[in-house]
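The values are calculated or read from the model by the stated rules, or taken from the named source; none is laboratory data. Note that this is a predicted model, so its numbers are computed, not measured. Here the Cβ is made from the backbone with ideal geometry for all residues, glycine too, and neighbour counts use every protein chain on show. Each accessible area value is taken on the protein alone, full model and side chains, heavy atoms only, with ligands, DNA and RNA left out. Shrake-Rupley method; radii C 1.70, N 1.55, O 1.52, S 1.80 Å.
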Amino acid sequence: MLRQFKPAIYIFIVLTLGAGVIYPAIGYVIGQTIFKNQANGSIAYMNKTPVGSYLLGQSFSGNIWFQPRPSAVGYEGNASGASNLALTNPKLIQNIEQLANDYRRQNGLPKTTSVPADAVTASGSGLDADISVANAELQAPRVAKARSISLARVQSMIDRATSTSPSFIFGTKVVNVVTLNLELKEMKLQ
Amino acid sequence: MNVFGGWGFLALIALLVVTAPFLGRYIARVFSDEALAKDTRLNRIEGRMLKTIGVDPKVEQSWKAYAASVVAFSAVSVVFLYATERLQGHLPLNPTHVGAVSPALAINTAVSFVTNTNWQNYAGESTMTMLTQTIGLSVQNFVSGAVGLSVAIALVRGLLRNRSNTIGNFWVDLVRSTTRILLPLSLIFAIILIAQGAVENLTYVKCITTIADGKQCIPGGLVATQEAIKELGTNGGGYFNANSIHPFENPTALTNFAEIYALLVIPFSLPFAFGRLTKRTRDGITIFTTMMVIWIASSLLLLHFEVGTNQLNLVKSSNISSVATAKVLPEGQDLRISATSCAVFASSTTSTSTGAVNCALDSIEPAAGGVALFNMMLGEVSPGGVGSGLYGILIFAILSVFIAGLMVGRTPEYLGKKIQSAEMKLVVIYLLLSPAAIMIFAAIAVILKTAKGAVGNPGSQGLSEIIYSYVSTGNNNGSALGGLAANTDFYNVTQALNMAIGRFGLMIPVLAIAGALAKKQTVPASSGTFNTDKPLFAVILGGTIILLVGLTYFPVLSLGPIMSHLQSAL
């Protein structure tokens with residue numbers, strides 16, 4: 001048994017150099033030369049100032065913004081995670097009902113309006129940048145009114161922020177809230 | 001078909017069936033005796049390197065020496081990883097000034113990554129430095145998979161050798177698994193991930209002013225390279241707390257599909273490598289088919305429960321509409337990752353020993369979570385972890401020929417090796433040791449008030465969380481029902497013990513079986529030999545696996561997920 005420790009230590013060092021230093025270094029060089037934008041977090045810029053990542057949701061409050069999905073970590077970038085509430089947990093059902101009522105109130109919708117499920121459930125990463133198309137369209141009149149712009153204009157922004165790529169396989173059509181709200185903000189500057 | 005998002009699932013099956021035989025052939029070529037003897041440049045470099053540290057690659061080891069090498073290497077790994085976690089506060093690549101990991105958590109994490117479990121009682125972004133992630137955890141992702149693969153190859157050699165005292169050289173197998181299989185595949189996969197948006201930088205954390213003038217700190221690190229081996233090595237330990245739900249680990253629908261494929265491809269290719277090495281292609285195909293059928297069945301079952309039920313019914317008083325075609329509440333799910341892929345990912349991650357998740361398993365339909373639990377209870381053989389899946393199913397194959405032999409009253413044999421009392425004793429240890437440990441630890445946790453208090457959901461779902469945590473650690477899976485707040489001394493220590501028993505308590509009997517089989521003479525097949533390359537054997541093998549697990553675990557399954565399912569009225 002003891003005889004095995006010498007090769008164990010040496011081979012451990014060699015493999016650590018290979019898998020822990022050389023391998024990530026190659027990945028780093030490829031990332032920073034060929035895929036610089038992606039490797040650095042797909043950063044969104046406004047006037048050359050970084051304002052977030054297209055992949056990470058942010059929190060937006062107020063009627064002038066499209067609201068992202070509920071988050072268990074409050075869109076803190078250096079945390080991530082889900083609520084882990086089970087479908088059998090009464091607290092989850094309570095939360096959903098509360099969020100549905102809030103959603104209807106904020107968007108001026110009648111009590112009978114059906115609310116898209118993504119608007120009332122916390123995402124898995126806590127950083128979901130996407131909302132459903134139905135969710136965006138229900139929020140559009142409120143945003144248009146708060147910004148005094150036409151609904152058609154907001155609708156065209158939603159169309160531009162809707163990605164078609166996830167339907168490639170296994171996916172659904174989604175609207176990226178960061179893209180959408182960034183366009184709203186840029187419009188204000190013009 | 002719409003409800004099941006059938007195209008993605010069918011494409012995945014097709015891709016695996018087409019590519020696994022090629023990868024299997026390549027893996028067989030890496031480990032065959034002819035390849036080891038060949039005088040290629042790569043072999044010369046490898047040989048010279050091994051010789052300088054006192055290992056002669058041409059000298060094979062007995063099963064005892066092989067096992068001692070496995071244990072010594074794993075011990076060195078645990079010590080190094082533990083030390084790195086404890087000292088990380090004083091080491092470089094720590095821009096956010098993270099302190100030392102607490103002793104109990106550090107030992108849990110060290111054992112977890114060395115045993116290919118990757119159970120995580122911590123959040124990566126706030127607990128580990130970039131150094132610990134990269135030269136500590138990520139390296140174990142490679143070598144723990146390589147150790148599993150080596151042991152599987154040693155068992156295949158045991159079946160193959162005739163009156164031999166040796167089963168190969170662990171150091172050669174370990175180095176070859178890492179450098180010729182895992183590293184090249186990971187590099188290719190890492191590049192795909194980076195191109196799609198997985199991050200690979202040294203910025204670590206970059207704080208910015210958001211669009212609505214708030215603050216957000218964007219995390220970074222060498223994520224893509226770690227993510228690649230996390231799936232390919234069936235490890236599953238996420239760089240970030242949210243694992244493969246995190247947009248920087250799994251940014252698009254394409255990476256989501258690729259990650260499911262990556263965590264399945266090596267385990268599914270190993271039966272082909274086995275068929276090639278033993279020159280019994282049809283035996284390999286029989287094992288592959290058994291694995292494939294169980295995996296497809298469990299995926300369909302998970303899809304049925306998660307996507308096929310109307311979860312919106314749960315919120316009767318509020319009017320909630322579905323997001324896509326399926327009536328799923330996407331609690332714990334990100335929208336770019338569909339509920340369909342969540343189900344297929346969950347069945348794949350628990351059928352292998354990966355344990356990565358692309359949706360929060362505590363929030364999926366309880367019976368769907370029960371299927372995930374059942375997959376792990378099978379001992380992860382459909383297709384199982386890198387290496388551990390193959391040796392696991394070969395142990396079940398030996399048990400199956402034994403049972404079949406008893407039924408007709410003949411001495412059972414597998415691949416020309418007589419299966420006798422010595423091997424069967426070891427097989428029984430392999431099959432019972434881990435379930436016994438799992439049930440004992442879970443029973444203690446349920447009795448202890450503080451341990452019981454760690455559950456995050458009331459009722460039978462809480463029991464499921466505890467059971468799941470020990471089944472997951474005992475089978476070296478690492479997925480979790482995340483509501484359980486398990487970062488306590490009790491869970492850290494009992495889980496670490498459970499992981500070590502589930503890994504080495506099984507590997508050592510496997511190597512002993514390999515040694516015992518290698519010593520035997522290979523007998524030619526006679527008219528009374530039970531054919532192990534026919535569909536009938538696949539049926540007996542599959543039946544043995546499912547019945548054995550059903551009998552062991554059914555009571556606890558009915559108290560946990562089955563009860564939750566009935567309560568939820570879905």
Checklist outcome for this item: Cα extents of chain B along the principal axes, largest first, in whole Å, come to 74, 54, 47
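Is there a quick way to get the dipole size of the protein assembly as shown? I mean about its Cα centre, with the Cβ of Lys and Arg at +1 and of Asp and Glu at -1; what is the value in debye to the nearest 20?
1340 debye
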Checklist entry - So, with +1 on the Cβ of K and R and -1 on the Cβ of D and E, and no other charges, what is the size of the charge dipole of region B:1-92 about its Cα centre, to the nearest 20 debye? => result 200 debye
Next on the checklist: Probe radius 1.4 Å, ligands and nucleic acids left out: which of B:Ile501, B:Ile153 has the largest accessible area, and how do the rest follow?
Outcome noted: B:Ile501, B:Ile153
Checklist entry - What accessible surface, in Å², does a 1.4 Å probe find on A:Arg147, ignoring ligands, DNA and RNA and rounding to the nearest 10? => result 40 Å²
Checklist outcome for this item: Taking only protein heavy atoms and a 1.4 Å probe, the highest-to-lowest accessible-area order of B:Ser317, B:Ser112, A:Ser59, B:Ser62 is B:Ser317, A:Ser59, B:Ser62, B:Ser112
Next on the checklist: Given the C-alpha atoms of region B:388-568, compute the convex hull and give its volume per residue in Å³.
Outcome noted: 126 Å³
Item to check | Table column - 3J(HN,Hα) (Hz), region B:66-80, Karplus curve with 6.51, -1.76, 1.60, x for Gly and Pro | outcome: 4, 5, 4, 5, 4, 5, 4, 4, 5, 5, 4, 4, 4, 4, 4
Checklist entry - How high is the FRET efficiency between A:Lys91 and B:Ser164 when r is their beta carbon distance and R₀ equals 41 Å, given to the nearest 0.05? => result 0.10
Item to check | Label-point separation in nm, B:Asp489 to B:Lys449, each point 7 Å along Cα→Cβ | outcome: 1.7 nm
Checklist entry - Can you give the accessible area of B:Trp63, probe radius 1.4 Å, in Å² rounded to 10? => result 60 Å²
Checklist entry - Rule-of-thumb check for the protein assembly as shown: C-alpha Rg over 2.2 N^0.38 Å? => result 0.95
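Quantify how much of the Cα-Cα distance distribution of region A:43-189 extends past 23 Å, in percent.
Value for region A:43-189: 37 percent of Cα pairs lie more than 23 Å apart.
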Next on the checklist: 5 Å is the cut-off here: which amide hydrogens, built 1.01 Å from N in the peptide plane, fall below it relative to B:Ile320, excluding neighbours closer than 5 in sequence?
Outcome noted: A:Val115
Next on the checklist: Give me the three principal axis extents of region A:1-40 from the C-alpha atoms, as integers in angstrom, largest value leading.
Outcome noted: 50, 11, 6
Item to check | A:Ile13 paired with B:Lys58, simple spin-label distance in nm, labels 7 Å along Cα-to-beta-carbon | outcome: 2.7 nm
Checklist outcome for this item: Note to self: C-alpha centroids of region B:121-139 and region B:144-181 sit apart, in Å, by 29 Å
Item to check | Rel. contact order, % - alpha carbon contacts under 8 angstrom, at least six apart, chain B | outcome: 20 percent
Checklist entry - Between B:Thr281 and B:Ile403, what length in nm is gained on full extension when 0.36 nm per residue of separation is reduced by their alpha carbon distance? => result 41.6 nm
Checklist outcome for this item: Rounded to the nearest Å, the spacing of the alpha-carbon centers of region A:86-126 and region B:459-526 is 40 Å
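How much length is gained if the chain between A:Ile64 and A:Met1 is pulled fully straight, taking 0.36 nm per residue apart and subtracting their Cα-Cα distance, in nm to one decimal?
Values: separation 63, 0.36 × 63 = 22.68 nm, distance 6.91 nm.
Gain on extension, A:Ile64 to A:Met1, equals 15.8 nm.
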Next on the checklist: Can you tell me the length gained on complete extension of the stretch B:Ala14 to B:Val523, counting 0.36 nm per residue apart and subtracting the Cα distance?
Outcome noted: 179.5 nm
Next on the checklist: So, R0 is 56 Å and r is the distance between the beta-carbons of B:Leu202 and A:Thr113; what FRET efficiency does that work out to, to 0.05?
Outcome noted: 0.70
Checklist entry - If you place +1 on the Cβ of every Lys and Arg, -1 on the Cβ of every Asp and Glu, and leave all else neutral, what size is the dipole of chain B about its Cα centre, to the nearest 20 Debye? => result 1780 debye
Checklist entry - So what does B:Phe374 come to for accessible area, using a 1.4 Å probe and Å² rounded to 10? => result 50 Å²
Next on the checklist: Projecting each Cα onto the charge dipole of chain B (Lys/Arg +1, Asp/Glu -1 at the beta carbon, about the Cα centre), which of B:Thr494, B:Gln521, B:Phe189 comes out farthest on the positive side?
Outcome noted: B:Gln521
Checklist entry - So in the protein assembly as shown, what percent of DSSP beta bridges are antiparallel if you round to the nearest 5? => result 90 percent
Checklist outcome for this item: Computed from the beta carbon distance with a Förster radius of 41 Å, FRET efficiency for B:Asn310 and B:Ala75 to the nearest 0.05 stands at 0.20
